[in-house]
Amino acid sequence: MSTLQKLYEGKAKILYQTNEPDVLLAHFKDDATAFNAQKKGRIQNKGEMNCTIAAHLFRQLAARGIPTHFVDQPSPNEMRVRAVKILPLEVVVRNIAAGSLCQETGIPLGTVLPQPLVEFYYKNDGLGDPLLTRDRLLLLELATPEQLVQLQQMALQINTLLQEFFNQCGITLVDFKLEFGLDADQTLVLADEISPDTCRLWNQAETDPQQRVMDKDRFRHDLGSVESAYEQVMQRVLAHQL
Ligand code: TMP
């Protein structure tokens, strides 16, 4: 793999060119960051676990008609993906109040939202990934009004499918972040990854607010047992189909 041209290195993944012009290789790293990289660490085998979880979830979503960038998983921590132009947006869907929603609105942790909340953040580390208004998103031309409607619809559809899937796994999908890209035909496709790095996942068998956490919040808030939580998510995800 060392002969492949590195195109981009992010906090959790490295993207390489491949021999096929419209296919890239994503290498999933064990590196973990939080709070805009103010906190740094490593989660043993995270690359393999997140790549495997994301590959399985992309397959499930594709089978239910969601276009994704996923091609295949040639090795445990490598995913081949279609080359798409990533929109600089983090599309967050929330079912239950947690994280920044609680901090910024005062809604108590764990409040079930009357309907899923879709929020758009500007994917810009220099600015700290700020929450966008619709008008700011359009002002910055981060998406067209038509794409915005489609992103909202796709995010809600993906939420319905993922909620159903994780429920089967005995896991509550609290919230998650998606990224989308545009392919050569300007079609929106789901990209990046879906993993315990990008979702809040609560174990339905636990009621304790710390014990139930199966995602990157264990790393963010030093709750311990990070690897075993990711491992547990992977085992359950692999044992289920949509
Ligand atoms: P938040 O509550 O911190 O805004 O996070 C909402 C969801 O988005 C949560 O599932 C974690 C995920 N997320 C990312 O994947 N990347 C990020 O950089 C941030 C801030 C959140």
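Points worth noting:
- Within segment 90-116, considering residues that are in contact (Cβ under 8 Å) with a residue 24 or more places away in the chain and away from the ligand (no atom under 12 Å from the Cβ), the one farthest from Thr68 (Cα to Cα): Gly110
- Going through (1) free of Cβ contacts under 8 Å to residues at least 40 places away in the same chain; (2) surrounded by 18 or more Cβ atoms within 10 Å (Cβ to Cβ); (3) farther than 17 Å from Leu156 by Cα one by one, Met79 falls short only on (1).
- Close pairs (6 angstrom Cβ cut-off, 6 or more residues apart or separate chains): open to solvent by 60 Å² or more (accessible area, probe 1.4 Å) in segment 123-145, at pLDDT 95 or above and among the acidic types (Asp, Glu) anywhere: Lys123/Glu90
- Members of segment 183-219 that are in contact (Cβ under 8 Å) with a residue 40 or more places away in the chain, within 12 Å of the ligand (Cβ to nearest atom) and of a type in the set (Val, Ile, Thr): Ile194
- Residues that are assigned to a strand (DSSP E or B) and under 18 Å from Phe176 (Cβ atoms), drawn from segment 108-121: Val112, Leu113, Gln115, Pro116, Leu117, Val118, Glu119, Phe120, Tyr121
- The lone criterion from (1) within 16 Å of the ligand (Cβ to nearest atom); (2) touching a His at 6+ places or on another chain (Cβ under 6 Å) left unmet by Arg82 is number (1).
- Selected residue (only one of Ala229, Ala205, Ala184 is in a helix (DSSP H, G or I) and either open to solvent by 10 Å² or more (accessible area, probe 1.4 Å) or among the hydrophobic types (A, V, I, L, M, F, W, C) (or both)): Ala229
The values are calculated or read from the model by the stated rules, or taken from the named source; none is laboratory data. Treat the numbers as computed from the prediction; the structure is a model and nothing was measured. As a convention, Cβ positions derive from the backbone with ideal geometry for all residues, glycine included, and neighbour counts pool all protein chains shown. Just so you know, the surface numbers come from the protein's heavy atoms only, side chains and all, with ligands and any DNA or RNA stripped out. Shrake-Rupley method; radii C 1.70, N 1.55, O 1.52, S 1.80 Å.
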